[in-house]
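Laboratory data are not the source of any read-out in this text; all were calculated from the coordinates shown. From a predicted model like this one, the values you see are computed outputs, not experimental measurements. Positions of Cβ are generated from backbone atoms using ideal geometry, with glycine treated the same way; all protein chains shown enter the neighbour counts.
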Amino acid sequence: MLPGGQRHRSFSAANHRAADVRLLLIKAARQRIGLADHTKFDRQSFTFVGLARDLDILVTDAGVDQAYLEQVRKEEARIIIKNIRSPSYVNYRRRGKNIKK
């Protein structure tokens, strides 16, 4: 939901079409959950979509600046921190390969 990054507790999309779809999803949802790893924070993409306070839950990894997360918590969003693995790691595992961290 949050590709493109977040700056000043907002999220964006790479183009207008993606932003329009995300806005429709946000408006239609009963519960809004954003997923973004630490590399998506403190970056801004082409089209503004919304603010972190528009989310009910933000799922991210431990690499995000804690001051940022505290600000989001103050805006009443629940934050879940998980060990998010990259898609390439997941796809590699699905092909039956076993790699160690």
Nearest-5 percent of antiparallel DSSP beta bridges in the stretch 10-94?
35 percent
What size of dipole, in debye to the nearest 20, comes out for the stretch 10-94 about its Cα centre when the only charges are +1 on Lys and Arg C-beta atoms and -1 on Asp and Glu C-beta atoms?
400 debye
Which of the listed residues, THR47, ALA67, ILE33, is farthest toward the dipole's positive end in the stretch 10-94, when Lys, Arg count +1 and Asp, Glu count -1 at the beta-carbon?
ILE33
With R₀ set to 22 angstrom, the calculated FRET efficiency between the beta-carbons of GLU75 and ALA28, to the nearest 0.05, is 0.55
